[in-house]
1. DSSP loop (so not H, G, I, E, B), at most 11 other Cβ within 10 Å: list which trypsin sites (Lys or Arg not before Pro) in the stretch 291-342 pass both filters.
2. Going down the table (K291/K408; K226/K408; K221/K292; K288/K408; K142/K408; K142/K288), which pairs top 18 Å between alpha carbons?
3. Return one quarter of the surface area of the convex hull spanned by the alpha-carbon atoms of the stretch 204-244, equal to its mean projected area, in nm².
4. Separation of the stretch 219-297 and the stretch 1-45 by C-alpha centroid, Å?
5. If amide hydrogens are placed 1.01 Å from N in the peptide plane, which non-local residues have theirs closer than 5 Å to the one on T405?
6. Kirkwood Rh and Cα-based Rg: tell me the resulting Rg over Rh for the stretch 234-304, rounded to two decimals.
7. Report, to two decimal places, the Cα Rg of the chain normalised by 2.2 N^0.38 Å (N = number of residues).
8. Relative to the longest principal Cα axis of the chain, at what angle does helix 316-329 sit, 0 to 90 degrees, rounded to 10?
Amino acid sequence: MRQFTLKEKTKILLSFPVIIASLGYFVDIYDLLLFGIVRIPSLKSMGLDADKVGTMIINYQMIGLVLGGIIWGVFGDKKGRLSVLFGSIIVYSLANIACGFLPQMNFADKGTIYAVLRFIAGIGLAGELGAGITLVSETLPKELRAIGTSIVAGFGVLGAVVAQFTVELAGSWTTAYFIGGTLGLLLLVLRISVAESGMFKSVKENTTIKRGDFFSFFSNKTLFLKYMRCIFIGVPIWYGIGILVFMANQFAPEMGITSINPGKAIMWTYAATSLSDFTSGWFSHVLKSRKKAILYMLLFTLLGVVLLLFTGRKSENMYYFYCAWIGFGSGFWALFVTVAAEQFGTNLRSTATTSIPNMVRGSVPIMLIGFDYLKVNNSVIHSAAIVGFIAFSLAIYATLTMKETHGKDLDFVE
């Protein structure tokens, strides 16, 4: 393994691709979680049911993420990583600006319009993280790869914290959407000077190599198992966010809490996630293992979930404390996406790295359906526990059985 001086490390880790990917993910997270923050005030202001219609809109957004993950992933392997960084940001920025005009839209049911706009935003948001992580993974030396992607994710998830403060300071959910969309369009200008991945250029020149074949993940047993393991590893992260955090207000009555602000729950979760994302790459580097780092963080998150659900009555601030605990444990998100990039060859790397995190996000509608179904005959707490047991069991199994990729050379094809 090559040794770098502190000056060399700083220069590499603060290079233009890392900075641009970090800023891009920051705007991505701001726009992705903004609906979760303004769900209740925005829907109530338009006379809509915050829980029923809100769940539908979240599902639409997550389905958009799944579809977008496939589209942008394939696009990134066929046309290049930069094409995704440009195209995706235009789509989700314009969709978010349109959400700001919702109160003035009277040509159809507001809930339906809102859902369609979040679906379009989801498609756009799906491309940001995967393309950024792929580009950084292929640009940085393997010794610093995990630390570089951790910087991208650590800075990026602060977008959720800024989104909450923006809503509070702006005093209007529509203004928050306008700001998010504008930030995306401004970032678009900065991306003009980013260079394409050298690994992708070399593969592109070889016309005999098939690139961006999404269906190969399902027609080849080895690729399928790798693909599914990567998805399973990330599911507990969005179990925590999609159920315990987004739906925090549903847990309040059973825990003896008068009221909970889901926006604050999101803010505290992502503030802790940001800190953890910054350190997860270093943690993996010290352990010299992606698997061990992810497993330890999974177990830490699981402990937080158990304590949140089964330690009796709580105060509002105590709920936020456990959200922060779960957020800190979920800071292996950067590591999980890095592992996805390291598992697959250059000709399928963008397809895998972009679609896998969005498949994980897309598991939220499935978990919410299961959660709502279980609530018919069980308490909210027990329903959440059952869904969580399944999510964590799959993740721990996948982590234990996946191949170690620490220090792996990425210049290969499938």
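1. R313
2. K221/K292
3. 4.2 nm²
4. Comparing the Cα centres of the stretch 219-297 and the stretch 1-45, I get a distance of 16 Å.
5. R290, K291
6. 1.07
7. Normalised by 2.2 N^0.38 Å, the Cα Rg of the chain equals 0.93.
8. In the chain, helix 316-329 runs at an angle near 10 degrees to the longest axis.
The values are calculated or read from the model by the stated rules, or taken from the named source; none is laboratory data. The shown structure was predicted, so the numbers you read here are calculated from the model rather than taken from an experiment. Cβ coordinates were reconstructed from backbone atoms using ideal geometry, including for glycine residues, and neighbour counts include every protein chain displayed. The area values use the complete protein model at the heavy-atom level, side chains included, leaving out ligands, DNA and RNA. Shrake-Rupley method; radii C 1.70, N 1.55, O 1.52, S 1.80 Å.
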